[in-house]
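The values are calculated or read from the model by the stated rules, or taken from the named source; none is laboratory data. No experiment lies behind these values; they were computed from the predicted model shown. Virtual Cβ from ideal backbone geometry, glycine too; neighbours counted across all protein chains shown. With ligands, DNA and RNA removed, areas are computed over all heavy atoms of the protein, side chains included. Shrake-Rupley method; radii C 1.70, N 1.55, O 1.52, S 1.80 Å.
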Amino acid sequence: MSDDRRKNKPHKFGFETRAVHAGAAPDPITGARNTPIYQTTSYVFDDVDHAADLFNLQTFGFIYSRLTNPTVSVLEERLASLENGRACVCAASGHAAQFLAFFTLFEPGDEFIASKNLYGGSITQFGLSFKRLGWTCHFVDPFDPENFRLALTPKTKAIFIEVLANPGGVVLDLEAIAVVAQDAGIPLIVDNTIATPYLLKPIDWGADLVIHSTTKFLSGHGTSMGGALIESGRFDWARNGKFPSMTEPEPAYHGLTFHETFGDFGFTMKARAVALRDFGPSMSPANAFYTITAIESLSARMDRHVANAEAVAKFLEAHPSVAWVSYAGLKSSRFHNLAKKYLPKGAGSLFTFGLNGGYDAGIKLVESVNLFSHLANIGDTRSLILHPASTTHRQLTDEQREAAGAGPDVIRLSVGLESADDLIDDLECALAA
Ligand SMILES: *Cc1c(COP(=O)(O)O)cnc(C)c1O
C-alpha cells in the first residue's frame, strides 16, 4: 500500500497506517466507511463467459465463499501488507492454515524439519496426523541453527519454526535458520502468531511463508477463530524440481501451472484454488470482520501487552516463591540478545515461570488467581494463566513436553491489557495463598 501522488517517489505508508487502512476502501455503492460483513455464500455472474473465466482462474472475482469472500479478502490484503508479503489466504483456524501450507507443498513421502519448541497442537498435528498423510516431520532442538542442517535429507521439503515460541520465553536465530533453508533450496515457514507482524516481520529476515493463528493477538479479544498463510513472493518454486505441485500442470484447471501462470503469488493461488477448494476450511466473513477491526488497534495493543508483560515478569523474578522466569525481555534471559536483534519493540506478552513448590504449587496458583482467567487461549485483552503440562501440551510425552518448555512445574501467562498494578496484586495475593 502506497501513496503515489508524488510521481517520482511514491510514499510507502507506515505499519500503523496500513494496520488501519490496507486492503479496505469505502464501499463504492453505499459509502459505508467500515468494511461490511459480506454475509453471502455466492455472487451473481455478469454472463456465461464471465462465469467461465472465473472458474478457469482467467479473471479475478467472487464465485463462492468457500474460495473467496469480499470481507475475508480485505483481511488477506491487510495481513499480506503488514507482513511485507506478496499475498495471503485466510483459513478457519491456525491449524487449518498450516494444513493448507503443507498440502500445497507436499507429496506423500515428503519430509520436513520442525523446531521442538512449538505450540503443543502443532507438535501433535505434525507428528501424528500429518504422518497419516505420508508427511514425516523430524523435530530438532532449534537453539543451534546447524541442527536444522544436520537433519536435512534429500526428501526434506520445508523447515518450520516459531521464532518467538509458545509457551513462551524463547527466541530463535531466524536469520541463521533462513540461511540453512536457502542453502537447501527449501522454504522456511515461520509461525508468527506469538510475535505478530508488529513485533517481527519474518519475511524481512528471509522467511518464505508465514503462518498465523489469527485467533490470538490479531483478533485480539478472544472472539474469533482464524488462520492465515502469507507468501513472500520470493521463493523460486522451479529452481530444483522439488515442488512438482507448483511446477507441473494442474489437471483440475486444464493443465495450468501455478508457478508459471501466477509467478510471485502462485503459492497462494494454489493453496486457495486447490487446498481450500477441496478441503474447505474457509474463514467466515464475520470472523474476518472481527479480526480486521482488531488489527486496526494492533500496534497500540501490542505496546501495552509488552509493557504489562515486562512489569509482571520483573515482579515475578523478584518474588521469593518464584524459582525461575523465562521471558526474553528480561536481561537474565539467555535469549535476551536475540530478542534485542529480532524483537526491538519487545518480546511479546507470553511467557513462563516456575515456582519453588513445583507442580503442586503451580496448580494451587492457577486456582487462586482472580483477575487472570484460567483457560487455553493466548493474546486476549484479558490476562490468562495456564498450566501447559495438564492442558495444551497434555497429549505430548514427558520428553516432548520438557523439550517444548512445558515441563511439570511450568506456568504460562498471556499478559493482557489491564492495569499492571492490578495484575501484580492478583499474582501477589495468589502466591501468598
Ligand atoms: C493457537 C496456535 C496455533 C493454532 O491455531 P488455532 O487457531 O487454534 O488453530 C498455532 N500456532 C500457535 C503458535 C498458536 O498459539
Worksheet item: Looking at residue 223, is it over 20 Å from residue 99 (Cα atoms), open to solvent by 30 Å² or more (accessible area, probe 1.4 Å) and touching a Leu at 6+ places or on another chain (Cβ under 9 Å)?
Response: no
Worksheet item: Right, residue 335: surrounded by fewer than 18 Cβ atoms within 10 Å (Cβ to Cβ) and aromatic (Phe, Trp, Tyr) or not?
Response: no
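Okay, residues lined up against (1) surrounded by fewer than 24 Cβ atoms within 10 Å (Cβ to Cβ); (2) closer than 27 Å to residue 391 by Cβ; (3) of a type in the set (Asp, Glu):
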position	(1), (2), (3)
278	yes, no, yes
290	yes, yes, no
294	yes, yes, no
343	yes, yes, no
350	no, yes, no
Worksheet item: Taking the stretch 160-202, which residues are buried (at least 24 other Cβ atoms within 10 Å of the Cβ), assigned to a helix (DSSP H, G or I) and touching a Gly at 6+ places or on another chain (Cβ under 7 Å)?
Response: 199
Worksheet item: Of all residues in the stretch 203-219, how many are more than 13 Å from the ligand (Cβ to nearest atom) and either assigned to a loop (DSSP other than H, G, I, E, B) or in contact with a helix residue (DSSP H, G or I) (Cβ under 7 Å, 6 or more places away or on another chain) (or both)?
Response: 5
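Restricting to the stretch 226-244, count the residues that are more than 16 Å from the ligand (Cβ to nearest atom) and buried (at least 21 other Cβ atoms within 10 Å of the Cβ).
Result for the stretch 226-244: 6.
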Item to complete: Find the residue count for the stretch 87-135, including only residues that are in contact with a strand residue (DSSP E or B) (Cβ under 7 Å, 6 or more places away or on another chain), acidic (Asp, Glu) and in a loop (DSSP other than H, G, I, E, B).
Response: 1
Item to complete: Of all residues in the stretch 401-433, count the ones that are open to solvent by 70 Å² or more (accessible area, probe 1.4 Å), in a helix (DSSP H, G or I) and touching a residue at least 60 places away in the same chain (Cβ under 8 Å).
Response: 2
Practice prompt. Could you tell me which residue of the stretch 144-159 is nearest to the chain's Cα centre (by Cα), considering only residues that are touching a residue at least 40 places away in the same chain (Cβ under 8 Å) and open to solvent by 10 Å² or more (accessible area, probe 1.4 Å)?
Written response: 157
Fill in: Considering residues of the stretch 175-202 that are in contact with a Ser or Thr (Cβ under 8 Å, 6 or more places away or on another chain) and within 16 Å of the ligand (Cβ to nearest atom) only, the residue nearest to residue 301 (Cα to Cα)
198
Worksheet item: Pick from the stretch 368-392 the residues that are open to solvent by less than 30 Å² (accessible area, probe 1.4 Å) and in a strand (DSSP E or B): which of them is modelled with the lowest pLDDT?
Response: 386
Worksheet item: Out of 134, 121, 94, 127, which single residue is farther than 21 Å from residue 194 by Cα and within 16 Å of the ligand (Cβ to nearest atom)?
Response: 127
Worksheet item: If you go through the stretch 330-341 one residue at a time, how many are touching a strand residue (DSSP E or B) at 6+ places or on another chain (Cβ under 8 Å) and either within 16 Å of the ligand (Cβ to nearest atom) or in a loop (DSSP other than H, G, I, E, B) (or both)?
Response: 3
Practice prompt. Tell me, please, whether a residue that is touching a residue at least 40 places away in the same chain (Cβ under 8 Å) and part of a loop (DSSP other than H, G, I, E, B) can be found in the stretch 353-367.
Written response: no
Item to complete: Starting from residues that are open to solvent by less than 10 Å² (accessible area, probe 1.4 Å) and within 14 Å of the ligand (Cβ to nearest atom), keep the ones in the stretch 97-116 and report whichever is nearest to residue 134 (Cα to Cα).
Response: 102
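Quick grid of which residues meet (1) charged (D, E, K, R); (2) under 30 Å from residue 118 (Cβ atoms); (3) assigned by TED's automatic domain parsing to the domain that holds residue 280:
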{"position": "23", "(1), (2), (3)": "no, yes, yes"}
{"position": "36", "(1), (2), (3)": "no, no, yes"}
{"position": "58", "(1), (2), (3)": "no, no, yes"}
{"position": "76", "(1), (2), (3)": "yes, yes, yes"}
{"position": "82", "(1), (2), (3)": "no, yes, yes"}
{"position": "85", "(1), (2), (3)": "no, yes, yes"}
